[in-house]
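Visitor: Dumping the structure here so I can ask a few things about it.
The values are calculated or read from the model by the stated rules, or taken from the named source; none is laboratory data. Note that the structure is a prediction, hence the values are computed from the model and not measured. Surface areas here come from the heavy atoms of the whole protein model, side chains and all, with no ligands, DNA or RNA. Shrake-Rupley method; radii C 1.70, N 1.55, O 1.52, S 1.80 Å.
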Amino acid sequence: MDSFFLPIIIAGALAGMGLGLLGVYIVGMRMPFIGSCISHTAMVGAVYGSLLGVNPTLGALALSMAGSAGVAFIRTEKRSLGANTAQAILLSFMMGLAFLAVGLEQDSRNEMLSLLWGNVLFADWSTVLITSMLTTGLILFVILFDRPLRAILFSRPLAEATCLYSRCVYLAFLLFCGLILAVNLKTVGGLLIFSLLVCPAATAYRIARGYRAVVIIAMLSGTLAAITGFAVSYYINLPTGACIVITSAALYTLTCFLPQDD
């Protein structure tokens, strides 16, 4: 494989690792729309940045931060609608805005469509540097705030009752989620990145026993899915983002055939 693809493989491995770790908490809290809302909010920021002639990554970062804060507000405020319902409405709104931007584009839609589906050529050494910094930061965050994160994973109301700063930890986690999703948006694609957020964690929860084992297997599963997906897309000449998420889903499907403990 050409050395041109070395930063792509490294960036993909780091992205899979970071998204797998994030997914442990997204899936564990049984709030999948959290990740979906933030990823699609980042996608909207990217496509409107492209439409307005602004760097798509900056647009994705700005809107994903706002989306993370908005999701935290929806989750903490007691409204008549359930959190999942409110997040589903926000997700639908973001999808509408994204496809509206595609319709408004008068010139070539190739760049904008690549933000939806992902493009292997977007990753370079600067992407590797940024992704490695964010993934390292997330790992350190998880280590430093292990106890409140475990409490949030078990029961968020109980975490708020027993830990005074659990809301700050939860918001910081969502901000990490927004940053990592925004940075990896162009490589995996806005419509597909949510799958890489969920599938590795679901795989880990299915075969692992214990919190640490789930974290490690989720990160390894995400890394394996990213590297294998890149390789398949390179040798068969298929869209990279699609290959990554299909591989990730295939890994989960394989675990369904493994014997389960009673």
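Visitor: For Phe194, Phe173, what's the largest-to-smallest order of accessible area, 1.4 Å probe?
Guide: The residues order as Phe194, Phe173, largest area first.
Visitor: Taking square-rooted eigenvalues a ≥ b ≥ c of the alpha carbon gyration tensor, is region 177-254 rounded, prolate or oblate, where a/c under 1.5 means rounded and, failing that, a/b exceeding b/c means prolate?
Guide: Verdict is oblate for region 177-254.
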